[in-house]
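Okay, structure first, notes after.
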Amino acid sequence: MEIQETHLKAVREKNGRLKTYENHESNDFIAEEDVIGFDSNVLVDMVNSSEFQEDLKAMVTFGTLKIYATELALGEARHVLIKKKDYSPQEATNGLLKVMNDFSIEKVIHTDEGDRLGEDWVNFIKKRMRIKKFSTFPNDCKILSNLFYQKKINIYFTEDRELKRAVDILKLKIRVKIMTEASRISEKKVKDFFREMNKSFYKKRKPF
């Protein structure tokens, strides 16, 4: 199958300054508009971190048709914000409503058919890979299956690498984008900075 390549650039204004975002990727999917889904951890970090939001905004700038999150993902995100991030119930609700508005996220209601598909995925996957976070994995699959079944998403943003492995095993036509957790963004950017510096240094060095 022919590999599709895209290299896109956009300029957005933030606090009176222009910021350039670039995106380059290649895949063997037929070129189409992006229909995106978010998992609950991504929603949590969107509310909890403006830096995470900016990184995510850079990734959904190009060719996005729709963005979706299910009622279960939103409910789990609200629970985490309250229980683990010290938000009041109202603050958590308001935070989620704000990011849904800012990113034009549409809520998806779970259906019996979508949930059953997720359960089938779990039964199939658990025979083929070791699942470390099995307590949360069934709900993760139901969130993804409802987005796939109802809205035909072709991109899914998550912080869970096990879910990416599951999608690969299921051979779903979904590109899984692994986001860096908000608490590790600054650390990752520092590492990436020094990694690029080292690459540049060794390129400039002349051979003996």
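No lab work stands behind these numbers, since they all come straight from the coordinates. Here the structure is a predicted model, which means the values were calculated and not measured. For neighbour counting, all protein chains shown are included, and Cβ atoms are generated from backbone atoms with ideal geometry for every residue, glycine included.
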Given N residues in the stretch 30-182, what is Rg(Cα) / (2.2 N^0.38 Å)? 0.99
With 10 angstrom as the radius, rank K98, K164 by how many other C-beta atoms surround their C-beta, starting from the fewest. K98, K164
XL table K85/K151; K83/K151; K127/K171; K84/K164; K142/K171; K57/K84; Cα-Cα > 22 Å flagged, in table order, is K85/K151; K83/K151; K84/K164; K57/K84
Report Rg(Cα)/(2.2 N^0.38 Å) for the stretch 31-72, keeping two decimals. 1.21
Estimated inter-spin distance, K132 and D168, nm [label 7 Å along Cα→Cβ]: 1.5 nm
For G118, net neighbour charge (Lys/Arg +1, Asp/Glu -1) across residues whose Cβ lies under 9 Å away: -2
Calculate log10 I(q)/I(0) of the stretch 69-153 for q = 0.18 Å⁻¹, where I(q) comes from the Debye formula with a single equal point scatterer on each Cα and nothing for solvent. -0.84
